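Note sheet for the following structure.
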Amino acid sequence: MTAFLQIDRLTKSFGSISVADDLSYELRKGEALGVIGPNGAGKTSMFNLITGTLSPNSGRVLFDGHDVTRLGAAARCRAGMARSFQVPQPFSGMTVFENAMVAATQAAGLRGKAAERLCLEVLEQTQMLPKANALAGGLTLLERKRLELTRALCAKPKLLMLDEIAGGLTEGECRSLVQTIKDIHASGVSIIWIEHVVHALLAVVDRLIVIDFGKKIAEGEPKAIMASPQVQEIYLGIEADA
């Protein structure tokens, strides 16, 4: 099957610090891919390289049959890429609905009633419809995470990238958010999800990759990857020969 997203030997460094080291992998259409690795491994930088907010020193990003390596972030977003951020950054003085409308009009290119309909559908999907008229600056952490998800989905993405969206949530809040992400995945959206809350990832993703110092060190079935002594040593701090 032809890859929906292909990361082809991406490299990026800042002086002696490498955030992408000959990084290569593929994502199939409709797949959910999990990404783990220690802090500073280059996971968020990888998202920046995919979305075009960071340019690689070498390598390519191919998306939906096209080489998008030279496209800017706005063009990649319009092509079908959308992401959430580790720290939610809504327009705090605007309502939840207005935040959603920004994405629907500026990213998805919709206008008028079509934009409004999409926003209402997504707000219902993300369980934020009751908060549609609330100011974003007054939301709880879970609600801000859900608003991040809402804004990404209002861009009408083919590829949804989630950056530690479960971080900081209680166990119950995490379960609730995971169910929402499962529903989004079931609707056919391809997902790449960076997360430290591993049990949340394992509930959703089809495959897992591990990154350390910008380099892919493992890839495969999630439970098998988590049982790998190499992964446990690098990611969990458990010595391989312990």
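Read the figures in this text as sums done on the coordinates, not as results from a lab. Since the model is a prediction, treat every value here as computed from it, not as a measurement. Neighbour counts run over all protein chains shown; Cβ positions are idealised from the backbone, glycine included.
So how much slack lies between Arg28 and Phe213, counting 0.36 nm per residue of separation and subtracting their Cα-Cα distance, in nm? Let's see the in-between values first.
Values: separation 185, 0.36 × 185 = 66.60 nm, distance 2.48 nm.
Once the chain is fully extended between Arg28 and Phe213, it gains 64.1 nm.
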| field | Order of Phe63, Phe85 under a 10 Å beta carbon neighbour criterion, fewest first | value | Phe85, Phe63
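Could you size up the charge dipole of the chain around its Cα centre, putting +1 on the beta carbon of Lys and Arg and -1 on that of Asp and Glu, and report it in debye to the nearest 20? Present the calculation step by step, with values, prior to reporting the outcome.
Working: 26 positive and 26 negative charges, 199 e Å.
With only Lys, Arg, Asp and Glu charged at Cβ, the dipole is about 960 debye.
Once you sort the root eigenvalues of the Cα gyration tensor of region 132-242 as a ≥ b ≥ c, which label holds: rounded (a/c under 1.5), prolate (a/b larger than b/c) or oblate (the other case)?
Values: a/c = 2.41, a/b = 1.82, b/c = 1.32.
It comes out prolate by the Cα gyration axes.
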| remark: Residue-ordered couplings for region 192-197, obtained by feeding phi - 60° into the Karplus form 6.51 cos²θ - 1.76 cosθ + 1.60 and rounding to whole Hz (Gly and Pro as x), are 10, 10, 8, 7, 8, 7
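Answer rounded, prolate or oblate for region 48-93, using the Cα gyration tensor with square roots of eigenvalues a ≥ b ≥ c: rounded when a/c is under 1.5, else prolate when a/b is larger than b/c, else oblate.
It is prolate, given that a/c is not under 1.5 and a/b is the larger ratio.
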| query | What ranking do Arg207, Arg9, Arg83 get, fewest neighbouring Cβ atoms within 10 angstrom at the top? | reply | Arg9, Arg207, Arg83
| request: Output ³J(HN,Hα) for region 143-151: one whole-Hz value per residue in order, computed from phi by the Karplus curve 6.51 cos²θ - 1.76 cosθ + 1.60 with θ = phi - 60°, and x for Gly and Pro. | output: 5, 5, 5, 5, 5, 4, 5, 4, 5
| note | With a 19 Å threshold on alpha-carbon distance, the violating pairs from Lys12/Lys216; Lys29/Lys215; Lys12/Lys43; Lys29/Lys216; Lys131/Lys156 are Lys29/Lys215; Lys29/Lys216; Lys131/Lys156
| said: Need one word for region 78-125: rounded, prolate or oblate. Basis is the Cα gyration tensor (sqrt eigenvalues a ≥ b ≥ c); a/c below 1.5 gives rounded, then a/b vs b/c decides. | reply: oblate
| query | Counting Lys and Arg as +1 and Asp and Glu as -1, each charge on the Cβ, what is the dipole of region 85-156 about the Cα centre in debye, to the nearest 20? | reply | 100 debye
| said: Using amide H atoms built in the peptide plane, which far-off residues or other-chain residues are under 5 Å from Ala20 H to H? | reply: Lys12
| query | aspartates and glutamates within cross-link reach of Lys158: Cα-Cα under 13 Å, excluding same-chain residues under 8 positions apart? | reply | Glu31, Asp64
| query | Counting other C-beta atoms within 10 Å, which of Asp67, Asp212 has the fewest, and how do the rest follow? | reply | Asp67, Asp212
| field | Whole-Hz ³J(HN,Hα) from phi, Karplus 6.51 cos²θ - 1.76 cosθ + 1.60, for region 105-115, glycine and proline x | value | 8, 7, 9, 7, x, 8, 9, x, 4, 5, 5
